[in-house]
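Data first, discussion second: the structure below is written as structure tokens.
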Amino acid sequence: MSRSTPWSAFALIAVLTACGNDDAATAKHPAPTPAVAPAPNVEAWALPAGEGAAQPDLALAPDGRLLLSWIEPVADGHRLQLASAKPAAATAWSSVHTVASGAGWFVNWADTPRVHALPDGSLWAHWLRSTGPSRMDYGIALVRSVDGGAHWSAPLQVHPAGTRGDHGFVTYWTQADDRVGIAWLDSRQKAAAAHATGAAHDGHHGGGPAMMLRAALHGPEGTQEAEWPLDASTCDCCTTSSAMTDRGVVVVYRGRDAQEVRDTRIVRLEDGTWTAPRDVHADGWRFAGCPVNGPAVVADGSAVWVAWYTESGGVPELRAARSDDAGDHFGKPVVLAKGAQVLGRIALALGDGRLLAAWLEEDGPPASQRLVLGRYDADWGQGERIEVARLSARGRASGLPRLQWSGGAAWLAWTDVHDGKPVLRGATVR
């Protein structure tokens with residue numbers, strides 16, 4: 001099912017690929033230091049999803065359980081399913097619970113439902129549903145369960161009723177034992193401007209008003225207790241990510257300026273106030289559109305690690321950087337992967353003092369894509385590249401890989417294609 005490629009060979013490929021590009025840029029973003037490591041153990045992980053399942057999410061509960069959710073088609077539309085497993089017995093899945101089911105859903109390969117578990121035992125989840133009349137009028141339906149997912153609250157709409165435009169690309173965090181934080185991309189100002197001028201709000205392109213990043217806190221009964229605008233100009237459809245530091249939560253996302261530079265930004269909620277947006281690194285990637293390829297972040301204390309996709313040098317590239325002051329400043333980025341084969345869609349996790357990054361690349365026949373896992377030390381060095389799986393899925397059909405660390409192993413879930421239909425796959429790496 002898989003194979004491991006020595007990092008030294010991968011580093012040589014990266015150097016040869018870069019020779020025809022900007023040598024100064026390559027020197028500025030050096031590849032991680034090669035290391036000798038034990039051969040990884042990659043095993044298939046059987047998932048409880050049925051035929052046609054896609055758009056997985058993989059979350060970690062406070063007790064170490066893995067929470068797997070996914071969307072599958074039903075006669076009247078779609079349904080969101082949820083199951084859990086303990087790492088020590090990962091094939092012993094809980095009963096599969098239906099979070100929600102029905103018609104009028106907005107289903108998208110990149111803007112997918114997510115789940116989150118709080119220390120008080122509650123589970124939170126969302127999906128996207130049409131708010132009409134335009135195809136791009138849809139919103140976030142947020143629900144809560146207090147019995148392990150058997151029953152769910154009536155859905156709450158995160159953004160104000162009657163707000164036009166699209167709202168999605170959600171990230172969650174634990175604000176308190178019984179309070180969840182949520183950030184999302186919000187097109188209310190973009191949709192309002194389009195409606196006022198009679199222009200079509202046709203989705204995610206350059207020009208015109210920008211999307212926003214907004215955030216809110218929801219309490220034990222699901223009620224929204226606070227809501228903020230975080231950035232008035234963001235990329236239209238890139239995933240967001242969040243992590244908790246010892247100075248508050250940080251949220252990373254792809255920004256957008258007046259010159260269509262779309263680099264990764266970060267904000268932090270500290271003592272009830274959000275910091276001003278700042279660049280993780282000024283790549284200077286000018287792109288009058290949305291790459292649908294957002295950043296990822298993990299944190300431990302004051303240490304923050306961010307990884308992201310860019311084409312600022314003219315070649316697809318995954319970069320990563322570290323901050324030691326909760327995101328105020330970042331060191332020079334390193335290159336995790338570079339070349340035309342890099343698709344990105346990166347996921348991050350922390351495990352036993354190591355950083356783990358999963359991403360997708362194009363592959364040669366008979367496969368179409370490959371899922372890669374990189375393992376690094378805390379400074380993004382001592383890199384090891386592991387090919388977890390080869391996929392039959394093409395283009396966006398593979399969606400976004402998901403990654404968590406629990407019980408001494410990395411757990412991955414992703415969408416593949418079998419006999420022309422989507423299917424969920426999983427693997428563990430030790």
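Worth pointing out:
- The Arg394 and Val96 beta-carbon pair, evaluated with R₀ = 22 Å, returns a calculated FRET efficiency of approximately 0.20.
- Vicinal HN-Hα couplings computed from phi for the range 408-416 (Karplus, 6.51 cos²θ - 1.76 cosθ + 1.60; Hz; Gly/Pro x): x, 8, 8, 10, 10, 9, 7, 9, 10
- 1.4 Å probe accessible area per residue over the chain, in Å²: 38 Å²
- At R0 = 25 Å, FRET efficiency that the Cβ-Cβ distance of Ala276 and Asp177 yields, to 0.05: 0.30
- Heavy-atom accessible area order for Lys86, Lys190, largest first, 1.4 Å probe: Lys86, Lys190
- Spin-label model, His151/Arg135: points 7 Å from Cα along the beta carbon direction are separated by 4.0 nm.
- Sulfur and carbon atoms: percent of accessible area, the chain [1.4 Å]: 52 percent
- Fully extending the segment from Ala103 to Glu43, taken as 0.36 nm per residue of separation minus the present Cα-Cα distance, adds 17.9 nm.
- Summing Lys and Arg as +1 and Asp and Glu as -1 over all other residues whose Cβ lies under 15 Å from the Cβ of Arg144 gives a net charge of -4.
- In this structure the amide hydrogen of Tyr253, modeled in the peptide plane, comes within under 5 Å of the amide hydrogens of Arg265, none closer than 5 places in sequence on its chain.
- Gap separating the Cα centres of the range 346-367 and the range 134-190, nearest whole Å: 28 Å
- CD proxy at 222 nm, helix term only [per DSSP H run n ≥ 4: -39500 (n - 2.57); per residue of the chain; nearest 500]: -2000 deg cm²/dmol
- With θ taken as phi - 60° and the Karplus curve 6.51 cos²θ - 1.76 cosθ + 1.60 applied, the whole-hertz 3J(HN,Hα) list for the range 165-179 is x, 9, 9, x, 6, 7, 10, 10, 8, 8, 7, 7, 3, 10, 9 Hz, x standing for glycine and proline.
- 3J(HN,Hα) from dihedral phi, the range 387-392, Karplus parametrisation 6.51/-1.76/1.60, rounded to Hz, x for glycine, proline: 8, 7, 7, 10, 10, 8
- What the Cβ-Cβ distance of Lys421 and Asp257 gives, at R0 = 35 Å and to the nearest 0.05, is a FRET efficiency of 0.25.
The values are calculated or read from the model by the stated rules, or taken from the named source; none is laboratory data. Remember, it's a predicted structure, so these values are computed and weren't measured experimentally. FYI the Cβ positions are ideal-geometry reconstructions off the backbone, even for glycines, and counts take in every protein chain you see. The accessibility values were calculated without ligands, DNA or RNA, using every heavy atom of the protein model including side chains. Shrake-Rupley method; radii C 1.70, N 1.55, O 1.52, S 1.80 Å.
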